[in-house]
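This report refers to the structure that appears directly beneath it.
The values are calculated or read from the model by the stated rules, or taken from the named source; none is laboratory data. The structure presented is a predicted model; accordingly, all values stated were derived computationally and were not measured. So basically every Cβ, Gly included, is an ideal-geometry build from the backbone, and we count neighbours across all protein chains shown. Keep in mind that these areas ignore ligands, DNA and RNA; they rest on the heavy atoms of the full protein, side chains included. Shrake-Rupley method; radii C 1.70, N 1.55, O 1.52, S 1.80 Å.
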Amino acid sequence: MNVLENLRVLKKDMESNGWVIDAFPFTFKAVDYILLVKLYDENDAKRPEYALLELEFLKKNDISDNLVAPANTMRLLITPQELRTYFGIEWSENLRDILSQFYEYLSGFIPLSVGLHRTKEIDVAMVESLSKSDSEDPRKVYCFSAKRNSNDGNRSPYNDNKTRILRPILYSKLSGDPQVSFNYSLEESKKKSDSEIISNFSSNHKLTASRKI
């Protein structure tokens with residue numbers, strides 16, 4: 001029985017809508033978590049065999065206290081000991097039944113569509129994860145410019161999703177060109193408005209085009 005079948009449905013919806021990450025709240029034994037759901041990169045050599053998605057559980061009151069677990073529609077691909085230790089599940093003679101009950105319980109939290117549980121806290125956790133995946137400092141959240149990538153390269157899916165979360169209006173105006181990426185800074189003083197970024201991008205693009213003529 002594929003007790004976590006909702007993960008397959010969610011994965012398809014994420015892919016259809018261009019998301020590499022989603023998140024939703026999860027509560028177990030009176031502890032609140034943020035559960036990140038992440039697609040594997042097609043070229044990820046570290047992807048475990050039989051893994052469908054990567055899950056990351058973050059304790060809401062301390063997101064540095066986390067558990068990363070590859071998962072498929074049947075279970076988390078970690079040892080029972082790892083699962084028990086993180087979630088405080090005591091050993092029992094009927095441990096298999098207890099773990100089965102855990103997966104059935106978890107399945108009730110998994111949404112069928114992306115973006116159903118967006119909150120400020122969840123957005124922060126998603127952006128931090130996206131920045132790390134894009135080899136960026138997760139504190140870089142202040143967008144100050146857009147640029148056309150060199151060598152006709154497309155923006156990374158992480159930069160794409162980060163901008164969809166942090167700057168949805170800006171994203172809607174410039175995302176039609178997949179070769180446009182968005183730059184972020186640690187310093188809030190460098191942050192630019194959507195109109196400033198669009199104006200600067202348009203001016204730079206026109207200048208580059210005129211130089212080619």
Those residues of segment 94-113 which are in a helix (DSSP H, G or I) and either among the small types (Gly, Ala, Ser) or surrounded by 15 or more Cβ atoms within 10 Å (Cβ to Cβ) (or both), in sequence order: 98, 99, 100, 102, 103, 106, 107
Please work out if residue 19 is assigned to a loop (DSSP other than H, G, I, E, B) and either among the basic types (Lys, Arg) or surrounded by 18 or more Cβ atoms within 10 Å (Cβ to Cβ) (or both). yes
Going by what's in this entry, would residue 2 be described as open to solvent by less than 50 Å² (accessible area, probe 1.4 Å) and over 27 Å from residue 138 (Cα atoms)? no
Residues within segment 140-171 that are polar (S, T, N, Q) and either surrounded by 17 or more Cβ atoms within 10 Å (Cβ to Cβ) or under 19 Å from the mean Cα position of the chain (by Cα) (or both), tallied: 5
Which ranges mark the helices (runs of 4 or more DSSP H) fully within segment 115-210 that have 3 or more residues being closer than 28 Å to residue 35 by Cβ and of a type in the set (A, V, I, L, M)? 120-133
Filter segment 172-204 for residues that are more than 19 Å from residue 19 (Cβ to Cβ) and among the small types (Gly, Ala, Ser); which is least open to solvent (accessible area, probe 1.4 Å)? 185
